[in-house]
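Participant: Please see the structure below; I have some questions.
The values are calculated or read from the model by the stated rules, or taken from the named source; none is laboratory data. Just so you know, these numbers come straight off a predicted model, no measurement behind them. So basically every Cβ, Gly included, is an ideal-geometry build from the backbone, and we count neighbours across all protein chains shown.
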Amino acid sequence: MPLLVAPALAFILAGSLLPIAATAWEALHGHDLRLPWLGRPFIGLDNFVEAAGDSRFRAAFVHTVAFAAVTVPVELGLGLGLALIMQTATRGRSAVRLAALLPWAVPTVVAALVVRFMFDGQTGVVTAMFRSLGLIGPAFDWLVHPLGAWVPIGVADVWKTAPFVAILLLAGLQTIDPALHEAASIDGAGPGRRFLTITMPLLTPTLVVAAAFRALDALRLFDVVYVITAGGPGTATEPLSLYAFIALMQRLRFGYGSALSVTVFLLTFGFALVWVRTLGRSLVGERA
Amino acid sequence: MNAFRFLRIAAAIALLGLLLAPIYWMVVSSLTPEARLFQAPPLVPRAITLEHYRALFGERQFLVPIRNSLVVAALTTLLAVPVAALCAYAIARLEFPGRGLLLALILSVSMFPQISIVPPLYLVLRTLGLLDTYPGLVLPYVTFSAPLAVWLLTGFFRQLPRDLEEAAMLDGASRVRALRDVVLPLAAPGVATAAILTFLYCWNEFLFALSFTLGPDRQTVPVAVTLFRGRYQVPWGQVLAATVVATIPVAVFVAAFQRRIVAGLTSGASKG
């Protein structure tokens with residue numbers, strides 16, 4: 001291998017491959033920074049066994065997967081709509097692009113804080129709107145309701161990422177030859193038919209890639225929840241990354257926290273593997 | 001103007017409004033006096049105040065996290081982009097075994113969930129005394145931002161014609177010299193895009209900064225804003241002023257380089 005790749009490889013080895021291995025190794029040990037006199041005994045898979053019986057872990061697992069399963073399709077749908085609008089915009093294209101890029105570029109923490117302010121139980125503008133429409137009672141507080149607390153989390157995530165999806169999909173749309181649409185409309189196909197028979201099939205590869213990007217991101221959900229609910233009320237909105245963080249940084253249980261971190265890694269890795277195996281192959285088949 | 005076209009324009013304007021509404025609300029609220037933040041809010045501000053910004057830079061000392069974020073982002077960019085450029089050039093131009101594997105490895109590293117490497121990094125940084133220091137943040141940041149830069153720059157280098165550097169090497173320039181004097185100037189737009197995306201990554205990053213800093217001295221902007229506390233409740237005026245300040249550099253970058261950013265973001269996706 002050429003010397004030119006050595007620095008990058010060194011960083012990747014030192015900064016992520018070795019640490020991943022170290023996390024997996026740490027997960028096989030009992031290691032509590034608050035009980036240093038216990039040392040760091042090797043305990044095999046005990047941490048994973050404990051996690052399997054830990055209802056808080058199982059709930060966090062369900063939260064993580066359910067969050068990805070709900071938000072990714074919403075983001076793809078909204079992103080596709082936004083991309084179609086951006087494509088047809090003849091005037092003000094740069095303004096639309098700027099409006100789409102801003103939410104993507106804003107720090108996640110900022111997006112989360114603003115949404116939390118807008119959904120605040122007393123002062124939030126969205127809460128006030130819902131109240132004046134009679135959709136929620138006068139005492140309703142999003143952050144106190146175990147399901148309601150997911151709403152601002154989802155809104156912040158969708159607001160920040162749907163425009164990013166739109167930018168990816170717009171690039172895919174622009175590679176579609178307009179002659180196809182012209183030919184189809186000469187043959188009498190309306191906009192709906194053309195969308196289903198030309199746009200969608202040709203956009204599928206880009207959609208698959210965008211969905212993978214989004215799902216991998218959603219499975220490591222942390223920032224938005226930390227800022228908006230901190231996992232609450234109770235642990236009703238706690239995803240895996242946050243539970244692992246709490247086990248590590250607040251309880252200082254490094255062995256157990258590492259085991260939880262490994263499950264986040266395995267979850268994303270497993271998803272990527274399945275995604276590439278099933279859809280990657282079918283895409284290659286379509287292209288061949 | 002027919003009805004279909006009118007509907008489309010109306011939908012476009014509504015969507016634009018929805019996209020920008022949170023940013024508008026953030027700016028307006030940060031200029032609203034604290035007492036009025038707790039009343040039913042008017043959509044157009046009636047009284048404007050800079051009290052939150054004054055408190056932010058006065059008693060909150062918000063210049064400290066801004067300085068920390070700038071230093072960490074600048075150091076990371078200065079380190080990650082050259083490292084990535086060398087690697088990307090090798091992948092784009094040289095034939096060597098394991099090239100495809102290397103690119104796949106680099107791409108998959110950028111998809112790692114950050115939490116999965118927090119425990120050993122924390123223990124190592126603690127042992128080395130690097131918790132709550134700039135290097136303690138720059139190391140993980142380079143690791144996570146370099147792969148994206150490699151991916152992006154590989155695409156840029158592949159688009160450049162080979163003839164010029166081959167001519168330079170025929171004239172006796174070494175490959176590194178050809179890279180420095182011929183390829184890099186031509187690839188300047190790509191390098192700039194990689195630098196912008198790296199900078200934005202560092203400016204936004206939260207989990208590492210939260211885990212590897214211990215107090216206000218080294219906290220970056222996202223951590224500092226999140227941990228704002230008032231005596232009784234969230235000091236929303238100051239928090240929102242801080243979010244506006246955190247958004248300004250991002251907005252400037254995006255407005256100035258929107259074409260390049262879009263080209264950079266989509267180069268990975270469209271190549272599959």
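Participant: Taking region B:212-238 on its own, how many of its residues are surrounded by 23 or more Cβ atoms within 10 Å (Cβ to Cβ) and either closer than 30 Å to residue B:166 by Cα or small (Gly, Ala, Ser) (or both)?
Facilitator: Looking only at that region, the number is 2.
A quick yes/no check of all residues on (1) farther than 22 Å from residue A:172 by Cα; (2) at pLDDT below 90; (3) in contact with an Asp or Glu (Cβ under 9 Å, 6 or more places away or on another chain):
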position: A:194; (1), (2), (3): no, yes, no
position: A:225; (1), (2), (3): yes, no, yes
position: A:234; (1), (2), (3): yes, no, no
position: A:247; (1), (2), (3): yes, no, no
position: A:263; (1), (2), (3): yes, no, no
position: A:266; (1), (2), (3): yes, no, no
position: A:269; (1), (2), (3): yes, no, no
position: A:275; (1), (2), (3): no, yes, no
position: A:288; (1), (2), (3): no, yes, no
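Participant: Please pick out the residue among B:73, B:84 that is assigned to a helix (DSSP H, G or I), small (Gly, Ala, Ser) and facing another protein chain (nearest Cβ under 7 Å).
Facilitator: Going through B:73, B:84 in turn, the sole match is B:84.
Participant: A further question on this structure: Which count do you get for residues in region B:1-26 that are more than 7 Å from every other protein chain (Cβ to nearest Cβ) and either surrounded by 11 or more Cβ atoms within 10 Å (Cβ to Cβ) or closer than 14 Å to residue A:99 by Cβ (or both)?
Facilitator: Our first condition is that a residue be more than 7 Å from every other protein chain (Cβ to nearest Cβ); within region B:1-26, this holds for B:1-7, B:9-10, B:13-14, B:17-18, B:21, B:24.
Filter again for either surrounded by 11 or more Cβ atoms within 10 Å (Cβ to Cβ) or closer than 14 Å to residue A:99 by Cβ (or both), leaving B:9, B:13-14, B:17-18, B:21, B:24.
Residues flagged as more than 7 Å from every other protein chain (Cβ to nearest Cβ) and either surrounded by 11 or more Cβ atoms within 10 Å (Cβ to Cβ) or closer than 14 Å to residue A:99 by Cβ (or both) within region B:1-26 amount to 7.
Participant: Which condition does residue B:124 not pass, out of (1) among the hydrophobic types (A, V, I, L, M, F, W, C); (2) crowded, with 21+ Cβ neighbours inside 10 Å; (3) within 16 Å of residue B:208 (Cα to Cα), if it passes all the others?
Facilitator: (2) is the only condition that residue B:124 fails.
Participant: Only one of B:86, B:125, B:103, B:79 is in contact (Cβ under 8 Å) with a residue 60 or more places away in the chain and touching a Ser or Thr at 6+ places or on another chain (Cβ under 9 Å). Can you tell me which?
Facilitator: Testing whether each residue is in contact (Cβ under 8 Å) with a residue 60 or more places away in the chain and touching a Ser or Thr at 6+ places or on another chain (Cβ under 9 Å) leaves just B:125.
Participant: Looking only at region A:167-219, how many residues end up being of a type in the set (A, V, I, L, M) and within 12 Å of residue A:83 (Cβ to Cβ)?
Facilitator: Of region A:167-219, the ones of a type in the set (A, V, I, L, M) are A:167-171, A:173, A:176, A:179-180, A:183-184, A:186, A:189, A:196, A:198, A:200, A:202-203, A:207-212, A:215-216, A:218-219.
If we keep only those that are within 12 Å of residue A:83 (Cβ to Cβ) too, we end up with A:167-171, A:173, A:176, A:203, A:207, A:210.
Total satisfying the criteria: 10.
Participant: If you don't mind, another one. Inspect region A:98-121 for any residue being within 8 Å of chain B (Cβ to nearest Cβ), without any contact (Cβ under 8 Å) to a residue 40 or more places away in the chain and polar (S, T, N, Q) and give the result as yes or no.
Facilitator: no
Participant: Among the residues of region A:227-241, write down those that are buried (at least 24 other Cβ atoms within 10 Å of the Cβ) and small (Gly, Ala, Ser).
Facilitator: A:241
Participant: Moving to a separate point now. Restrict the check to region A:61-76 and report whether at least one residue is small (Gly, Ala, Ser), buried (at least 17 other Cβ atoms within 10 Å of the Cβ) and at pLDDT 95 or above. Before the answer, list the steps.
Facilitator: Going through region A:61-76, the residues small (Gly, Ala, Ser) turn out to be A:66, A:68-69.
Then keep just the ones that are buried (at least 17 other Cβ atoms within 10 Å of the Cβ); that gives A:68.
Keeping just the survivors that are at pLDDT 95 or above gives A:68.
Among the residues of region A:61-76, at least one is small (Gly, Ala, Ser), buried (at least 17 other Cβ atoms within 10 Å of the Cβ) and at pLDDT 95 or above, which makes the answer yes.
Participant: Checking residue A:105 against (1) crowded, with 17+ Cβ neighbours inside 10 Å; (2) over 28 Å from residue B:204 (Cα atoms), only one condition comes out false. Which one?
Facilitator: (2)
Participant: Working carefully through the options B:266, B:247, find the one that is assigned to a helix (DSSP H, G or I), hydroxyl-bearing (Ser, Thr, Tyr) and either surrounded by 23 or more Cβ atoms within 10 Å (Cβ to Cβ) or touching a residue at least 60 places away in the same chain (Cβ under 8 Å) (or both).
Facilitator: Details: B:266 fails: either surrounded by 23 or more Cβ atoms within 10 Å (Cβ to Cβ) or touching a residue at least 60 places away in the same chain (Cβ under 8 Å) (or both).
Answer to the check: B:247.
Participant: Same structure again: If you go through region A:18-38 one residue at a time, do you hit one that is outside any helix (DSSP H, G or I), surrounded by 15 or more Cβ atoms within 10 Å (Cβ to Cβ) and more than 14 Å from every other protein chain (Cβ to nearest Cβ)?
Facilitator: no
Participant: Scan B:253, B:208, B:257, B:212 and give me the residue that is of a type outside the set (Ser, Thr, Tyr), within 25 Å of residue B:144 (Cα to Cα) and in contact with a Gly (Cβ under 6 Å, 6 or more places away or on another chain). Steps first, please.
Facilitator: Numbers: B:253 fails: in contact with a Gly (Cβ under 6 Å, 6 or more places away or on another chain); B:208 fails: in contact with a Gly (Cβ under 6 Å, 6 or more places away or on another chain); B:257 fails: in contact with a Gly (Cβ under 6 Å, 6 or more places away or on another chain).
Unique residue meeting the criteria: B:212.
Participant: Which one is farthest from residue A:74 (Cα to Cα), of the residues in region A:178-193 that are under 34 Å from the mean Cα position of the chain (by Cα) and surrounded by fewer than 16 Cβ atoms within 10 Å (Cβ to Cβ)?
Facilitator: First pass over region A:178-193, keeping only residues under 34 Å from the mean Cα position of the chain (by Cα): A:178, A:181, A:191-193.
When the remaining residues are screened for being surrounded by fewer than 16 Cβ atoms within 10 Å (Cβ to Cβ), the result is A:178, A:191-193.
Working: A:178: 27, A:191: 23, A:192: 20, A:193: 23 Å.
Out of the qualifying residues, it is A:178.
Participant: Take residue A:262 and tell me if it is over 23 Å from residue A:16 (Cβ atoms) and among the β-branched types (Val, Ile, Thr).
Facilitator: Numbers: over 23 Å from residue A:16 (Cβ atoms): no; among the β-branched types (Val, Ile, Thr): yes.
Here the answer is no, as residue A:262 does not meet what is asked.
Participant: In region B:28-43, which residues are at pLDDT 75 or above and either part of a helix (DSSP H, G or I) or aliphatic (A, V, I, L, M) (or both)?
Facilitator: Let us first name the residues in region B:28-43 that are at pLDDT 75 or above, namely B:28-37.
B:28, B:29, B:30, B:31, B:34, B:35, B:36, B:37 - these are the residues of region B:28-43 that are at pLDDT 75 or above and either part of a helix (DSSP H, G or I) or aliphatic (A, V, I, L, M) (or both).
Participant: Sticking with this structure for a sec: Can you tell me which residue is modelled with the lowest pLDDT among those in region B:164-211 that are buried (at least 21 other Cβ atoms within 10 Å of the Cβ) and among the charged types (D, E, K, R)?
Facilitator: Of everything passing the filter in region B:164-211, B:165 is modelled with the lowest pLDDT.
Participant: When region A:180-202 is examined, which residues are found to be more than 19 Å from residue A:89 (Cα to Cα) and among the hydrophobic types (A, V, I, L, M, F, W, C)?
Facilitator: A:180, A:183, A:184, A:186, A:189, A:196, A:198, A:200, A:202
Participant: Every residue in region B:58-94 that is under 14 Å from the mean Cα position of the chain (by Cα) and among the polar types (S, T, N, Q), please.
Facilitator: Passing the criteria: B:69, B:76, B:77.
Participant: Might you check whether a residue that is acidic (Asp, Glu), out of contact with any Phe, Trp or Tyr (no Cβ under 6 Å at 6 or more places or on another chain) and either modelled with pLDDT of 90 or more or closer than 27 Å to residue A:254 by Cβ (or both) occurs anywhere in region B:82-101? Steps first, answer last, please.
Facilitator: We begin by selecting, within region B:82-101, every residue acidic (Asp, Glu); these are B:95.
Right, trim to out of contact with any Phe, Trp or Tyr (no Cβ under 6 Å at 6 or more places or on another chain) and you get B:95.
From the residues that got through so far, the ones that are either modelled with pLDDT of 90 or more or closer than 27 Å to residue A:254 by Cβ (or both) too are none.
Looking through region B:82-101, none of the residues is acidic (Asp, Glu), out of contact with any Phe, Trp or Tyr (no Cβ under 6 Å at 6 or more places or on another chain) and either modelled with pLDDT of 90 or more or closer than 27 Å to residue A:254 by Cβ (or both).
Participant: Further question: So, restricting to helices (runs of 4 or more DSSP H) that lie completely within region A:193-288, which ones have at least 3 residues that are of a type in the set (A, V, I, L, M, F, W, C) and free of Cβ contacts under 8 Å to residues at least 24 places away in the same chain? Give the derivation first.
Facilitator: Values: elements: A:200-219, A:223-228, A:240-245, A:254-275, A:281-287.
Passing ranges, in order: A:254-275.
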